[in-house]
Structures are given as structure tokens and as C-alpha cells.
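Below: the structure, in C-alpha cells.
Readers should treat all values here as calculations from the given coordinates under stated rules, not as data from a laboratory. Worth saying up front: this structure is predicted, and the values here are computed from it rather than measured. When we count neighbours, we look across all protein chains shown, and the Cβ atoms used for this are built from the backbone with ideal geometry, even at glycine.
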Amino acid sequence: MSNYNQQLDALSLQTNQAITVKNTTDSIDPVDVGGSITALIEFLKIPLGKINEFDILVGTIPPVQSQGVEDDVYVQGGTSLVFWKKDNNAWVNKGTVSLGINIIDGNINVQPSIAGWILTASAGQWAINNVIYQTATQTQFTIDPADLNFDRIDAIFADETNTITYTAGTASANPDLTKPVTPADEIIICYVYVPKGSSAQNPYIIDGNNSAPVSGATKTVITKLGSDVDSNGNLDLTAETIPSNALYQVYINGISGYVAVNYDEINKIMGGFNYPMSEDIKIIFI
């Protein structure tokens with residue numbers, strides 16, 4: 001493409017000669033006008049199949065100097081369009097057009113979830129510094145073991161390399177003050193609350209826009225015998241003081257999720273147990 005303009009000028013001159021009065025030995029006969037115009041049109045089609053046939057890096061950085069040939073054009077995308085042209089073996093910025101786009105930094109559609117101690121971030125997109133990044137596959141992490149005596153807040157972040165990472169916080173009496181700090185040029189996907197090991201609770205996701213639960217918040221722990229379950233598989237909790245709208249977790253013989261149970265807050269009945277039962281039952285209300 002380095003002599004493209006010269007060839008175009010030559011064909012243009014040939015066409016102009018064809019439509020002027022034949023007054024020189026170099027001019028061509030007017031009957032050749034159609035052929036000259038056809039040749040010009042065909043020549044103009046050449047670059048249409050050659051756009052970016054050279055290996056130019058794209059994105060938010062300018063083109064690499066070693067790539068492209070003379071008179072090549074490169075359009076740099078982003079919040080603005082920057083037009084580069086290869087002049088004298090160097091890319092030269094020929095102008096910028098602002099697109100007026102302002103992308104709000106943050107998680108666009110990555111969905112976090114927890115199953116036991118496995119933390120999963122779905123495929124999705126996020127924005128950092130007005131640029132959208134993404135991953136086409138889900139990312140999984142094994143959450144670090146809980147501290148025996150103190151709660152902890154962990155986090156997963158997304159960065160500018162299309163990567164999602166997991167960072168464990170520091171267990172403390174006030175884990176909200178010792179949770180991971182979002183690194184520069186990254187965004188938070190979610191925070192994960194990891195209760196102390198002595199609570200026998202599994203980790204759970206908390207809203208990154210809100211403060212984490214206060215460490216040491218009142219927990220109601222109820223211990224029952226298997227014989228306390230009636231013949232319908234129900235456990236009567238009417239004599240217990242249970243927090244309003246509480247979350248709960250049930251352990252049977254020390255194992256969480258041994259059975260699928262449900263709690264009737266109005267009648268304070270927990271149902272869904274197997275009957276008869278011989279194992280101890282431990283219920284933690286938060």
C-alpha cells in the first residue's frame with residue numbers, strides 16, 4: 001500500500017485525459033472513458049479486503065511501531081477514536097474523536113455463589129477505567145479455612161487482565177476493618193463472610209455495598225435431642241427465644257445439611273426431620 005496514492009493519481013489522470021479534447025499525443029481517445037473508470041473502480045476495491053491484514057495490536061494502546069507499512073491507517077478504540085497513520089516508518093497520531101462514553105466502573109454481570117467452601121464466580125463482564133473486561137468461563141476458589149476464634153471477611157476481585165482473583169482477609173474481633181482492600185485498577189465482585197470455626201457455620205456472601213455483620217453479633221444456639229422430634233418429623237421451638245427474621249443452620253451429629261428442614265417462624269416449628277432420630281441436633285440462629 002506504500003505506492004497506493006501514486007497509482008491512484010495515475011489512474012485519475014488517465015480518466016481525466018479520456019474526457020478532455022484530444023489535443024496531445026499522450027491523451028487517450030474518449031471511447032476509452034468507460035474502461036478507464038472501470039479500472040479506477042476496480043483499483044479502489046483493493047484495500048477493502050486488506051484492512052488490518054497486518055498483525056496490529058488493538059485495544060486501548062497505540063499501534064506497535066514494528067507493525068504495519070507506509071500509509072497504513074489504524075483506529076484505536078476506547079472512550080475516543082484515535083486515528084494513526086504510518087508516516088516515514090512511524091505511527092503518527094492524526095486526530096481524535098471523542099465518543100462521549102462514560103462506563104461506570106464495577107461488576108456488570110458476574111454472579112458469585114457459594115456451595116459449602118467452594119466459591120464460584122460466573123462468566124461475565126466488568127468495567128475498570130471506562131473499559132469493559134470479561135471472562136467466558138466460570139472461576140472457582142476454595143475458601144481458606146476459618147480461624148477458630150475470630151470471624152473473617154474475604155473478597156474476590158476482577159482486574160484488567162480479564163482475571164478474577166480471591167483474597168483472604170484477616171480474622172479479627174472486627175473483620176470489617178481487616179477485610180481485603182480493593183487493589184488499584186481492580187473492582188470488587190463480592191465479599192465473603194467466614195464465621196469463626198467454633199461457630200460451625202459455613203461462609204456466605206455479603207453485599208459489597210454494605211458493611212459486614214458486626215463480629216460477635218448475637219447468635220442463638222439451640223441444642224436438642226433426636227427424641228425431641230415428634231412422630232411427624234417436627235421440632236417444637238415455641239419455648240425458645242429466636243431472633244426475628246433469623247437465618248439458621250442445622251447440624252445433626254455435627255454435620256451441616258444432613259437433612260433438609262424448614263422453619264415456620266409464625267408457629268416456631270422446625271420440620272423436615274427424619275423420625276425416629278438418635279443424633280443430637282444443633283440449630284444456630286443468627
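Give, in nm to one decimal, the length gained when the segment between Thr182 and Tyr275 is fully stretched (0.36 nm per residue of separation minus the Cα-Cα distance). Before the final figure, lay out the partial values.
Details: separation 93, 0.36 × 93 = 33.48 nm, distance 4.91 nm.
Full extension of this stretch gives 28.6 nm more.
With a sphere of radius 11 Å drawn around the Cβ of Glu240, what net charge do the other residues whose Cβ falls strictly inside it have (Lys, Arg +1; Asp, Glu -1)?
On the way: positive: Lys224, Lys268; negative: Asp236.
My count for the surroundings of Glu240 gives +1.
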Response to the item:
In the neighbourhood of Lys224 defined by beta carbon distances under 15 Å, the net charge of the other residues (Lys, Arg +1; Asp, Glu -1) is -4
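Which value, in debye to the nearest 20, describes the size of the charge dipole of region 106-206 about its Cα centre when Lys and Arg Cβ atoms bear +1, Asp and Glu Cβ atoms bear -1, and nothing else is charged? Don't jump to the answer; show the numbers that get you there.
Details: 3 positive and 9 negative charges, 49 e Å.
My answer is approximately 240 debye.
Sort Thr96, Thr120 by Cβ crowding within 10 Å, fewest neighbours at the top.
Numbers: Thr96 10, Thr120 14.
Ranked by crowding around the Cβ, least crowded first: Thr96, Thr120.
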Practice prompt. Quick one: pull the percentage of alpha-carbon pairs in region 106-206 with a separation above 16 Å.
Written response: 54
Worksheet entry | Karplus-derived HN-Hα couplings along region 145-154 (A = 6.51, B = -1.76, C = 1.60, θ = phi - 60°), whole Hz, x at Gly and Pro | x, 6, 6, 5, 10, 10, 6, 8, 10, 9
Practice prompt. Would you mind counting up the charge near Thr161? Only other residues with Cβ under 12 Å from its Cβ, with Lys and Arg at +1 and Asp and Glu at -1.
Written response: -4
Practice prompt. Arrange the peptides 168-176, 104-112 so that the one whose residues have, on average, the most other Cβ atoms within 10 Å appears first.
Written response: 168-176, 104-112
